[in-house]
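J.: Submitted below is the structure of interest, expressed as structure tokens.
What follows draws every value from the coordinates through simple rules; no lab data is involved. Model, not experiment: these values are computed from the prediction. Don't worry about glycine lacking a Cβ; one is built from the backbone with ideal geometry, like all the others, and counts go over all protein chains shown.
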Amino acid sequence: MDENQSGPAPRSLSEEELLKLLDAQQFGVLATVKRSGHPAMSTVLYRWDPAGRIVRISTTAGRLKARQVRNNPHVSLHVQGPDVWSFAVAEGEAEVSGDADELLAFAGDQPDTAAFLEQQAREQRVVIKIKVSRLYGTALDLP
């Protein structure tokens, strides 16, 4: 190996690999935009809908991330791969919704839908829904 080389270069993940990585994980780092233009990062639990290319994140209406999305819908979700050298990023425009269908899409089947939605309303729960327009990521294949 040449003295100036530091090892193998990262490779771009294929669309299939990116979709698989998003589907395999449930935690990521959401990047929103502060009023100053700087990024704000939050670790979040998410649900990935591959058919609709939608990421859903549950939060409360008063949380900073929900307010920032309302102010500027451009967001990114960074998802760690199976090792420290791989990741996927889902970029898109987001909206904040307290709609019952969005809350149920995040939570999945509920034995008592009415009770679930009442609880969500009491907690002022909303869903940040990201319509993914771009996926990218890399992996570093070490020997």
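J.: Conditions first: (1) of a type in the set (Gly, Ala, Ser); (2) buried (at least 19 other Cβ atoms within 10 Å of the Cβ); (3) more than 18 Å from residue 130 (Cα to Cα). Residue 6 passes all but one, so which condition is the exception?
T.: Tallying (1) of a type in the set (Gly, Ala, Ser); (2) buried (at least 19 other Cβ atoms within 10 Å of the Cβ); (3) more than 18 Å from residue 130 (Cα to Cα), residue 6 fails exactly one: (2).
J.: Which one of 110, 120 is surrounded by 13 or more Cβ atoms within 10 Å (Cβ to Cβ) and assigned to a loop (DSSP other than H, G, I, E, B)?
T.: On inspection, the qualifying residue turns out to be 110.
J.: Taking residue 88, is it of a type outside the set (D, E, K, R), closer than 24 Å to residue 24 by Cβ and either touching a Lys or Arg at 6+ places or on another chain (Cβ under 9 Å) or not in a loop (DSSP other than H, G, I, E, B) (or both)?
T.: yes
J.: Moving to a separate point now. Considering only residues that are acidic (Asp, Glu) and closer than 18 Å to residue 81 by Cβ, which ones fall in the range 12-67?
T.: First, the residues of the range 12-67 that are acidic (Asp, Glu): 15-17, 23, 49.
Matches in the range 12-67: 15, 16, 17, 23.
J.: Could you list, in sequence order, the residues of the range 11-48 that are surrounded by 14 or more Cβ atoms within 10 Å (Cβ to Cβ), touching a residue at least 40 places away in the same chain (Cβ under 8 Å) and outside any strand (DSSP E or B)?
T.: If the condition is that a residue be surrounded by 14 or more Cβ atoms within 10 Å (Cβ to Cβ), touching a residue at least 40 places away in the same chain (Cβ under 8 Å) and outside any strand (DSSP E or B), then 13, 17, 18, 19, 21, 22, 25 are the ones that fit.
J.: Another question, if that's okay. Could you give every pair whose Cβ atoms fall below 7 Å, whose first residue belongs to the range 89-117 and is more than 25 Å from residue 79 (Cα to Cα), and whose second residue is part of a loop (DSSP other than H, G, I, E, B) and among the polar types (S, T, N, Q), counting only separations of at least 6 or pairs across chains?
T.: 116/110
J.: Restricting to the range 11-55, what's the tally of residues that are among the β-branched types (Val, Ile, Thr) and under 18 Å from residue 103 (Cα atoms)?
T.: Residues in the range 11-55 being among the β-branched types (Val, Ile, Thr) and under 18 Å from residue 103 (Cα atoms): 3 in total.
J.: Considering only residues that are free of Cβ contacts under 8 Å to residues at least 40 places away in the same chain and either farther than 21 Å from residue 134 by Cα or assigned to a strand (DSSP E or B) (or both), which ones fall in the range 49-70?
T.: Within the range 49-70, 63, 64, 67 meet the criteria.
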